[in-house]
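Report on the following structure.
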């Protein structure tokens, strides 16, 4: 098994190994995007690179979900579901939300 690190949002907008990754990690990135539509596109791009059943690990600041006028926990969960992600595990610390999700309903 080969582990490969790929940096750069531009890769999400290309067909760079689309559907071939077992795992993607996106930590403290979604909260830096300007709006909900951009976050939705980013999540969809992450999912597009996963093989069916691949895992997506997300870390987001809880404050971005719990104290935002634009995003609520329910809206964020809906974005994840629309992208085809199924929640496997959720852990919260006082400041961060850690999610383990599977692509393709696995």
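Readers should treat all values here as calculations from the given coordinates under stated rules, not as data from a laboratory. Worth saying up front: this structure is predicted, and the values here are computed from it rather than measured. Please note: Cβ atoms are built from the backbone with ideal geometry, for glycine as well, and neighbour counts cover all protein chains shown.
Rounded, prolate or oblate, given the Cα gyration tensor of the range 21-65, with a/c below 1.5 counting as rounded?
Values: a/c = 2.99, a/b = 1.66, b/c = 1.80.
Note, shape of the range 21-65 comes out oblate.
Based on other C-beta atoms within 10 Å, arrange 98, 49 from fewest to most.
Placing the least packed residue first, the sequence is 98, 49.
What's the Cα-based Rg to Rh of the range 56-106, Rh via Kirkwood?
0.97
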